[in-house]
Amino acid sequence: MAQRLDSLEEKFLKTIKENNLIEKGDKIVVGVSGGPDSITLLTCLNRYKEKLGCSVICAHINHLIRDDSTEDEQYVENICKKLGIPCFIKRAEVLKIAEEQKRGTEEVGRQIRYDFFDEVLKKENANKIAIAHNKNDNAETMLLNLIRGTGMSGLEGIQAKEYDKYIRPLINIDREEIEIYCDKYDLKPRIDSTNKENIYTRNIIRNEIIPKLKELNPNIAETLSRTSKIIKTENDFIKKYAQNKYEEIAIVEENKVKNDENAIPLRKIKIDIKKFNKEPEAIKQNLVIISIEKLTGNARNIQKANIDDIIKLADRNIGNKFIQINKEIKVQIKNNEIFFIGLCL
C-alpha cells in the first residue's frame, strides 16, 4: 500500500500542479535563510525533485545584522552538504548599506537578496527562483500594502508565480503547519529573534495587528488569501484589456542620441492623447505602467504619484510639458501625443 502523503507536502504538490510552478528540466535556485519556512521549502523540493523532474540549488544571504547570523550561514551550509545540494553564500552588511543609501533596512535587504538570487540563477544557468513565502506572509503583505495605499495591485498580495521566474510552493500553507512539519521531521530550523522585535512595520502587523484580527476572524489568513486571489483575477482582466488597448494605440520608435563618446539607444513609445484620455482611469493607469515596463523591463520603482502626475499631464494636454520620472525615463506631451522616452542604458 502506498504511503499517505504528509498533509503539508500534499498542499505543496497541489500548489505546484495548479499553478504550473515547476516543469521537467527546471533548475531552481532556492532562497534559504535557515528559518522554518525556507528549510521546509528546501526539504520538500529536495524530497520531490525526481518526481517533479527538476534540480535544486541553494542560495543564502548573511545580512550580518544579528550576532548569530554566521551560525545561520553554517547551518544552511551543513544542511546542503547533508542533502547533496550545491550551496552559494554571500555576506552583505545590510545595515551599513541602508545607512549609506538612506533607505530602509527591509527594502535594502530584499533587494540584495533578490539580486543575489538572480546572480546565482545566471551563473548556474537556472531558470526559476523559489521563495518560501507562506499564507501568513501573504496576509501580512496585503495589510502592509493596504496601510501604504498601494492600490489594487498591492492587494493582490503574494502570488504563487511572478514573472514566470519566481515561484512560491508554500503560499497556500500557514505558518503553524510549517512549524508542525519541522517538528515532525526534526529539521531544527534557525529562529530569527528579530521577528519578535516590533521595530519593523511588518513585525507590528505580524505580532500585534493580526492577533487582534484573529479575535474577530480566527481564519483571517485564509480569508485574506481568498481575497487576494479574487483581486488577482479581476486585476488580470483589467491588465489584459489594457494590454490589448496598448497594442492598438501605442507606437514604438527607436533611434540613437549622441553623448560625449557614444550613441545611446533611445526608445520612444508614442500614444495618441485623445485616445488615451477617453479610457477609464484604471485603464489609463495600466497603460502608463505597461509603457514604462516596455522601456525598462519593470515598473517596480514607479510610484503611484508618478502615474497620477502623468495622467494629469495628459488631461491638461499642454504642449512641450514633460515629467522626468528618473534619469532613464521622461514623459512628454507634444503634438497631441504622449511620449514615453527611455534611455536604454
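Key figures for this structure:
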{"quantity": "Entirely in the range 179-254, the helices (runs of 4 or more DSSP H) that have 2 or more residues that are polar (S, T, N, Q) and open to solvent by 50 Å² or more (accessible area, probe 1.4 Å)", "calculated": "220-249"}
{"quantity": "Ile131 vs. criteria in contact with a Phe, Trp or Tyr (Cβ under 8 Å, 6 or more places away or on another chain) and of a type outside the set (Lys, Arg)", "calculated": "yes"}
{"quantity": "Sole exception among (1) more than 21 Å from the chain's Cα centre (by Cα); (2) closer than 28 Å to Gly154 by Cβ for Thr70, by number", "calculated": "(2)"}
{"quantity": "So Leu155, is it touching a helix residue (DSSP H, G or I) at 6+ places or on another chain (Cβ under 7 Å), farther than 30 Å from Gly342 by Cα and open to solvent by less than 80 Å² (accessible area, probe 1.4 Å)", "calculated": "no"}
{"quantity": "Residue among Leu41, Leu95, Leu13 that is of a type in the set (A, V, I, L, M, F, W, C), open to solvent by 80 Å² or more (accessible area, probe 1.4 Å) and part of a helix (DSSP H, G or I)", "calculated": "Leu95"}
{"quantity": "Yes/no for Leu64 being closer than 23 Å to Arg190 by Cα, in contact with a strand residue (DSSP E or B) (Cβ under 9 Å, 6 or more places away or on another chain) and assigned to a helix (DSSP H, G or I)", "calculated": "no"}
{"quantity": "Per-region count, the range 262-297, residues modelled with pLDDT of 90 or more, in a loop (DSSP other than H, G, I, E, B) and open to solvent by 30 Å² or more (accessible area, probe 1.4 Å)", "calculated": "1"}
{"quantity": "Selection from the range 306-324 of residues that are open to solvent by less than 60 Å² (accessible area, probe 1.4 Å) and either at pLDDT 90 or above or part of a helix (DSSP H, G or I) (or both)", "calculated": "Asn306, Ile307, Asp308, Ile310, Ile311, Leu313, Ala314"}
{"quantity": "Filter pass, Glu140 being in a helix (DSSP H, G or I), of a type in the set (D, E, K, R) and in contact (Cβ under 8 Å) with a residue 40 or more places away in the chain", "calculated": "yes"}
{"quantity": "Matching residues in the range 98-126 - criterion: being of a type in the set (Val, Ile, Thr) and either surrounded by fewer than 16 Cβ atoms within 10 Å (Cβ to Cβ) or at pLDDT below 95 (or both)", "calculated": "Thr105, Val108, Ile112"}
{"quantity": "So Ile129, is it touching a residue at least 60 places away in the same chain (Cβ under 8 Å), assigned to a strand (DSSP E or B), on the phi < 0 side of the Ramachandran plot and open to solvent by less than 60 Å² (accessible area, probe 1.4 Å)", "calculated": "yes"}
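A quick yes/no check of all residues on (1) of a type in the set (Gly, Ala, Ser); (2) more than 24 Å from the chain's Cα centre (by Cα); (3) modelled with pLDDT under 95:
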position: Lys188; (1), (2), (3): no, yes, yes
position: Ile191; (1), (2), (3): no, no, yes
position: Asn195; (1), (2), (3): no, no, yes
position: Arg202; (1), (2), (3): no, no, yes
position: Lys240; (1), (2), (3): no, no, no
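The values are calculated or read from the model by the stated rules, or taken from the named source; none is laboratory data. Because the structure is predicted, anything quoted here is derived from the model rather than measured. Every residue, glycine as well, gets a Cβ built from its backbone with ideal geometry; the counts of neighbours run over all protein chains shown. Heavy atoms of the whole protein, side chains included, go into the accessibility calculation; ligands, DNA and RNA do not. Shrake-Rupley method; radii C 1.70, N 1.55, O 1.52, S 1.80 Å.
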